[in-house]
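Heads up, the thing below is written out as C-alpha coordinates.
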Amino acid sequence: MNIIPGRLDSPAVRQLLQGHLDDMYATSPPESVHALDISKLQAPDIRFWGAWQGDTLLGCVALKQHSNDMAEIKSMRTAPEARGQGIGRALLQFLLKEASQSGIKQLFLETGSMEFFLPARTLYQSAGFNYCGRFADYPEDPNSTFMTKTLE
(Lines give C-alpha, C1' and ligand atoms only; values in the text may rest on other atoms or scores of the structure.)
Protein backbone atom coordinates (compact mmCIF):
# COMPACT_ATOMS: atom_id res chain seq x y z
CA MET A 1 0.00 0.00 0.00
CA ASN A 2 1.23 3.49 -0.89
CA ILE A 3 -0.15 6.59 0.77
CA ILE A 4 0.23 9.48 -1.67
CA PRO A 5 -0.93 13.10 -1.68
CA GLY A 6 -3.61 14.56 -3.88
CA ARG A 7 -5.31 12.87 -6.83
CA LEU A 8 -8.61 14.58 -6.01
CA ASP A 9 -9.35 14.47 -9.74
CA SER A 10 -9.29 10.66 -9.74
CA PRO A 11 -12.68 9.02 -10.38
CA ALA A 12 -11.89 6.52 -7.60
CA VAL A 13 -11.30 9.36 -5.10
CA ARG A 14 -14.46 11.14 -6.19
CA GLN A 15 -16.48 7.92 -5.82
CA LEU A 16 -15.06 7.17 -2.35
CA LEU A 17 -15.73 10.72 -1.15
CA GLN A 18 -19.26 10.67 -2.58
CA GLY A 19 -19.89 7.43 -0.68
CA HIS A 20 -18.62 9.17 2.45
CA LEU A 21 -21.01 12.08 1.95
CA ASP A 22 -23.89 9.72 1.17
CA ASP A 23 -23.31 7.81 4.42
CA MET A 24 -23.07 11.03 6.44
CA TYR A 25 -26.39 12.33 5.08
CA ALA A 26 -28.02 8.92 5.58
CA THR A 27 -27.01 8.75 9.26
CA SER A 28 -27.04 12.40 10.40
CA PRO A 29 -29.37 15.37 10.11
CA PRO A 30 -28.14 17.75 7.35
CA GLU A 31 -27.10 20.43 9.85
CA SER A 32 -24.89 17.85 11.61
CA VAL A 33 -22.96 16.77 8.50
CA HIS A 34 -19.47 18.28 8.54
CA ALA A 35 -17.90 16.11 5.82
CA LEU A 36 -16.17 18.04 3.04
CA ASP A 37 -16.87 17.74 -0.66
CA ILE A 38 -14.15 17.81 -3.32
CA SER A 39 -14.22 21.60 -3.72
CA LYS A 40 -13.67 22.15 0.02
CA LEU A 41 -10.89 19.55 0.12
CA GLN A 42 -9.04 21.65 -2.47
CA ALA A 43 -8.69 24.59 -0.05
CA PRO A 44 -5.13 25.74 0.60
CA ASP A 45 -5.32 24.88 4.32
CA ILE A 46 -6.12 21.21 3.59
CA ARG A 47 -3.78 18.38 2.63
CA PHE A 48 -5.30 15.16 1.26
CA TRP A 49 -3.87 11.64 0.87
CA GLY A 50 -5.12 8.44 -0.65
CA ALA A 51 -4.05 4.90 0.22
CA TRP A 52 -3.52 3.00 -3.03
CA GLN A 53 -2.72 -0.59 -3.92
CA GLY A 54 -1.77 -0.23 -7.56
CA ASP A 55 -4.78 1.43 -9.21
CA THR A 56 -7.14 0.51 -6.36
CA LEU A 57 -8.02 3.19 -3.83
CA LEU A 58 -8.24 1.64 -0.36
CA GLY A 59 -8.96 4.76 1.68
CA CYS A 60 -8.28 8.42 2.24
CA VAL A 61 -7.64 11.03 4.90
CA ALA A 62 -7.17 14.80 5.04
CA LEU A 63 -5.59 17.27 7.43
CA LYS A 64 -7.07 20.75 7.89
CA GLN A 65 -4.63 23.26 9.36
CA HIS A 66 -6.32 25.66 11.81
CA SER A 67 -3.14 27.35 13.10
CA ASN A 68 0.62 26.73 13.12
CA ASP A 69 0.30 24.06 15.79
CA MET A 70 -3.35 22.93 15.61
CA ALA A 71 -5.05 20.81 12.94
CA GLU A 72 -8.09 18.63 12.36
CA ILE A 73 -8.57 15.22 10.77
CA LYS A 74 -11.07 15.32 7.90
CA SER A 75 -12.41 12.86 5.33
CA MET A 76 -11.11 9.71 7.00
CA ARG A 77 -12.63 6.88 4.98
CA THR A 78 -11.86 3.27 4.10
CA ALA A 79 -13.31 1.82 0.91
CA PRO A 80 -16.09 -0.66 1.79
CA GLU A 81 -14.27 -3.54 0.09
CA ALA A 82 -11.08 -2.81 2.07
CA ARG A 83 -12.62 -2.64 5.55
CA GLY A 84 -11.24 -4.91 8.23
CA GLN A 85 -7.74 -4.91 6.70
CA GLY A 86 -6.16 -2.21 8.89
CA ILE A 87 -6.38 0.54 6.25
CA GLY A 88 -7.98 3.04 8.65
CA ARG A 89 -5.33 2.38 11.30
CA ALA A 90 -2.53 2.73 8.71
CA LEU A 91 -3.98 6.03 7.45
CA LEU A 92 -4.34 7.32 11.00
CA GLN A 93 -0.77 6.38 11.91
CA PHE A 94 0.46 8.02 8.71
CA LEU A 95 -1.50 11.19 9.50
CA LEU A 96 -0.23 11.34 13.09
CA LYS A 97 3.36 11.16 11.85
CA GLU A 98 2.72 13.71 9.10
CA ALA A 99 1.05 16.13 11.54
CA SER A 100 3.83 15.78 14.09
CA GLN A 101 6.52 16.38 11.46
CA SER A 102 4.60 19.48 10.36
CA GLY A 103 4.81 21.00 13.84
CA ILE A 104 1.23 20.21 14.87
CA LYS A 105 0.97 19.95 18.65
CA GLN A 106 -2.78 19.41 18.98
CA LEU A 107 -4.88 17.31 16.62
CA PHE A 108 -8.69 17.38 16.75
CA LEU A 109 -11.55 15.63 15.02
CA GLU A 110 -15.31 15.66 14.86
CA THR A 111 -17.29 12.49 14.30
CA GLY A 112 -20.84 11.40 14.87
CA SER A 113 -22.24 10.40 18.24
CA MET A 114 -24.53 7.71 16.81
CA GLU A 115 -23.92 3.96 16.84
CA PHE A 116 -22.90 4.07 13.15
CA PHE A 117 -19.75 5.98 14.16
CA LEU A 118 -18.70 3.65 17.00
CA PRO A 119 -15.97 1.93 14.92
CA ALA A 120 -14.41 5.33 14.15
CA ARG A 121 -14.54 6.45 17.78
CA THR A 122 -13.02 3.13 18.88
CA LEU A 123 -10.17 3.49 16.37
CA TYR A 124 -9.41 7.04 17.52
CA GLN A 125 -9.49 6.04 21.20
CA SER A 126 -7.11 3.16 20.52
CA ALA A 127 -4.69 5.69 19.00
CA GLY A 128 -4.74 7.87 22.12
CA PHE A 129 -7.47 10.36 21.27
CA ASN A 130 -9.60 11.60 24.15
CA TYR A 131 -13.06 13.12 24.18
CA CYS A 132 -13.16 16.89 24.43
CA GLY A 133 -15.48 19.84 23.96
CA ARG A 134 -16.21 21.45 20.63
CA PHE A 135 -13.40 23.29 18.86
CA ALA A 136 -12.90 25.75 16.01
CA ASP A 137 -16.28 26.95 14.72
CA TYR A 138 -18.28 23.79 15.42
CA PRO A 139 -21.61 24.48 17.13
CA GLU A 140 -22.93 22.54 20.09
CA ASP A 141 -24.61 19.49 18.56
CA PRO A 142 -25.80 16.29 20.24
CA ASN A 143 -25.01 14.45 16.98
CA SER A 144 -21.32 15.39 17.15
CA THR A 145 -18.53 13.94 19.23
CA PHE A 146 -15.21 15.78 19.50
CA MET A 147 -11.85 14.20 20.22
CA THR A 148 -8.28 15.44 20.56
CA LYS A 149 -4.74 14.18 20.90
CA THR A 150 -1.62 16.03 21.94
CA LEU A 151 1.32 15.22 19.67
CA GLU A 152 4.94 15.12 20.75
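The values are calculated or read from the model by the stated rules, or taken from the named source; none is laboratory data. Since this is a predicted model, take the numbers as computed values, not measurements. Methodologically, a virtual Cβ is constructed for each residue, glycine included, from the backbone with ideal geometry; neighbour enumeration extends over all protein chains shown. All accessible areas refer to the heavy atoms of the entire protein, side chains included, with ligands and DNA or RNA removed. Shrake-Rupley method; radii C 1.70, N 1.55, O 1.52, S 1.80 Å.
Below is a table of values for the structure above.
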| quantity | calculated |
| --- | --- |
| Rounded to whole Hz, the Karplus (6.51, -1.76, 1.60) HN-Hα couplings of segment 76-81, x for glycine and proline | 6, 7, 10, 4, x, 6 |
| Whole-Hz ³J(HN,Hα) from phi, Karplus 6.51 cos²θ - 1.76 cosθ + 1.60, for segment 25-38, glycine and proline x | 6, 7, 10, 9, x, x, 6, 9, 8, 10, 5, 9, 8, 4 |
| Per residue solvent-accessible surface (Å²) - segment 1-59, probe of 1.4 Å | 54 |
| CD proxy at 222 nm, helix term only [per DSSP H run n ≥ 4: -39500 (n - 2.57); per residue of the chain; nearest 500] | -9000 deg cm²/dmol |
| Under 13 Å from the SER67 label point (7 Å along Cα→beta-carbon), backbone N, segment 93-107 | 104-107 |
| Exposure rank, largest accessible area first [PHE108, PHE129; 1.4 Å] | PHE108, PHE129 |
| Zone of GLU152's modelled label, taken as backbone nitrogen in segment 116-130 under 14 Å from a point 7 Å along Cα→Cβ | 128 |
| Relative contact order computed over the chain (Cα-Cα under 8 Å; 6+ residues apart), in percent | 20 |
| Protein accessible area in the chain, 1.4 Å probe - carbon and sulfur % | 49 |
| Label point distance in nm, TYR25-GLN101, each placed 7 Å from Cα along Cα→Cβ | 3.6 |
| ASP137 accessible area, assembled protein chains, probe 1.4 Å, Å² | 130 |
